[in-house]
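Chemist: Supplied in structure tokens, the structure appears directly below.
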Amino acid sequence: MNTTCGTVIRSLEEETTATLPDEDIILHRPLWFREALAAPYESRTLNVDGTDIHYLRWGNNDPARPGLLFVHGNGAHAHWFHFIAPLLTEHYNVAAMDLGGMGDSGWRLSYTRETFAREIGEVALAAGLGPKPVVVGHSFGGFVSLIAGKHYGEQLGGLILCDFTVRPADNPHEWFLNQPPRRPTKIYKTFEEATSRFRLAPLQPCANGFILDYIGPLSLRAVTKGETRGKRTFEETGWTWKFDHSIFDGLRMGGDHAEIYRNLACRGATMFGLDSKDYDPKTVQFLRELSPEKPVFTVPNAQHHIMLDQPQAFATAVAVLMAQWQAEGALG
């Protein structure tokens, strides 16, 4: 079954299966990471169907320069790519967005795969990412980026799915339908208590502790008793996760993913972490037979959260695809 990335709280028993010895966790920030965070960028907002969608933008203002848009997974946010984007700005303009109901974007009263697809497509076209931007979607972000590819494919240069499995029509997986409503995110009294509860979902060990220490605090927001966001009115004052817990209540994924992937009007590719639970040689074979011209490949020593496990290899893989598609004239 596919998994979605984000924040989660697990029991201690579950947590012990996803930890590393202290000596294997890297806490100091290496030079490349510090330089990436220090790179200049802009924080922007675009209104899409009445909701303000927030995104980060790196690069210059040349509208003809090729570009790409990163789309995060379930419960995550644009800063999951803050240390990836500057690795690519020598040749490309880069943006990373917060999907509606997550990160610093506004909350909606209801969500569908089409509302997410419009957010992605409209940001990709408005962010100054060249005439044919490339969209890179991870996990749940890969799913909604695929739907964006269906509706905006002729205006895109390419679509890169990262640890999202395109399944055949006769074996679709619905992650959210027929599930009980999700419980509201817990409100913590202090920021310190909240940050201590940050975990990856699906749960996995990550040696790059310095990355988790960076994205964890940025996953939280302060809330005030009586404040209303979307359909939720907060009953306490404190700190909670930025995502809207009601996003996925009844959200339909659909069984047309293989058809969409095969018939994309833009270039396509799929990347898996070699150690990810989503990676399956049978899936790779299915994708290669479904659409032979679209590369399918793995990143060694990476689990589901490829950009956290192997950030430089992840950026290099994206850069190679961008260079190939640019050489073929696909980016405009």
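Chemist: Apply the a/c threshold of 1.5 to the C-alpha gyration tensor of segment 6-135 and tell me whether it is rounded, prolate or oblate.
Modeler: It comes out oblate by the Cα gyration axes.
Chemist: State the three equivalent ellipsoid semi-axes of segment 132-243, derived from the C-alpha gyration tensor as the square roots of 5 times its eigenvalues, in descending order and whole Å.
Modeler: Semi-axes, largest first: 32, 19, 16 Å.
Chemist: Run the numbers on segment 198-321 and let me know its relative contact order in percent, using alpha-carbon pairs under 8 Å that are six or more apart.
Modeler: 20
Chemist: Tell me, what is the percent relative contact order of segment 85-234, built from C-alpha pairs under 8 Å that lie six or more residues apart?
Modeler: 17
Chemist: Still on this model: What per residue convex hull volume, in Å³, comes out for segment 180-236 when only alpha-carbon positions are used?
Modeler: About 103 Å³ per residue, rounded to a whole number.
Chemist: Tell me, in nm to one decimal, what length is gained between D280 and E154 on full extension, where the rule is 0.36 nm per residue of separation less the Cα-Cα distance?
Modeler: On the way: separation 126, 0.36 × 126 = 45.36 nm, distance 3.01 nm.
Taking 0.36 nm per residue and subtracting the Cα distance, the gain is 42.3 nm.
Chemist: Pick from T224, T195, T240 the residue whose mean-square fluctuation is largest in a GNM of the chain, springs joining Cα atoms under 10 Å.
Modeler: T224
Chemist: Restricting to DSSP H runs of at least four residues, report the calculated mean residue ellipticity at 222 nm for the chain, -39500 (n - 2.57) per run over all residues, nearest 500 deg cm²/dmol.
Modeler: Calculated from helices alone, the mean residue ellipticity at 222 nm is -7500 deg cm²/dmol.
Chemist: Another question, then. Could you grab the relative contact order for the chain? Cα pairs under 8 Å, six or more apart, rounded to a whole percent.
Modeler: About 21 percent, as a whole number.
Chemist: What's the extension gain from L20 to R197 if we count 0.36 nm per residue and subtract their Cα-Cα distance?
Modeler: Fully extending the segment from L20 to R197 adds 62.1 nm.
Chemist: Hey, can you rank 252-265, 167-180 by average C-beta count inside 10 Å, highest first?
Modeler: Per-residue mean Cβ counts within 10 Å order the peptides as 252-265, 167-180.
Chemist: Take the alpha-carbon centre of segment 63-100, take the same for segment 161-181, and report the distance between them in whole Å.
Modeler: 25
Chemist: Now for a different question. Provide the gained length on full extension for the span R183 to R229, in nm with one decimal, where the gain is 0.36 nm per separating residue minus the Cα-Cα distance.
Modeler: So the extension gain works out to 15.0 nm.
Chemist: For segment 49-205, what percent of Cα pairs sit more than 27 Å apart?
Modeler: Taking all Cα-Cα pairs of segment 49-205, the fraction more than 27 Å apart is 27 percent.
Chemist: Across segment 106-252, how many lysine pairs, 8 or more apart or on two chains, come within less than 30 Å at their alpha-carbon atoms?
Modeler: Lysine pair count for segment 106-252: 11.
Chemist: For segment 260-332, what is Rg from Cα atoms divided by 2.2 N^0.38 Å, rounded to two decimals?
Modeler: Details: Rg = 12.9 Å, N = 73, 2.2 N^0.38 = 11.2 Å.
Dividing the Cα Rg of segment 260-332 by 2.2 N^0.38 Å gives 1.15.
Chemist: Using all C-alpha to C-alpha distances in segment 59-123, build P(r) with 10 Å bins and read off the rounded percent in each one.
Modeler: 20, 48, 26, 6
Chemist: Given just the C-alpha atoms of segment 188-330, how large is their convex hull per residue in cubic angstrom?
Modeler: It comes to 157 Å³ per residue, whole-number rounded.
Chemist: Here's a follow-up. Per the Debye formula with a single identical scatterer at each Cα and no solvent contribution, what log10 I(q)/I(0) holds for segment 19-58 at q = 0.13, 0.23, 0.25 Å⁻¹?
Modeler: The calculated log intensity ratios at q = 0.13, 0.23, 0.25 Å⁻¹ are -0.55, -0.79, -0.84.
Chemist: Something else about it: For segment 115-185, place one equal point scatterer on every Cα, skip the solvent, and apply the Debye formula. What is log10 of I(q)/I(0) at q = 0.13 Å⁻¹?
Modeler: Relative scattering, expressed as log10 I(q)/I(0), comes to -0.45.
Chemist: If the chain were replaced by its equivalent ellipsoid, with semi-axes equal to the square roots of 5 times the Cα gyration tensor eigenvalues, what would those be, largest first, whole Å?
Modeler: Value: 28, 22, 22 Å, ordered largest first.
The numbers here are math on the coordinates, done by the rules we state, and not lab data. Model, not experiment: these values are computed from the prediction. Positions of Cβ are generated from backbone atoms using ideal geometry, with glycine treated the same way; all protein chains shown enter the neighbour counts.
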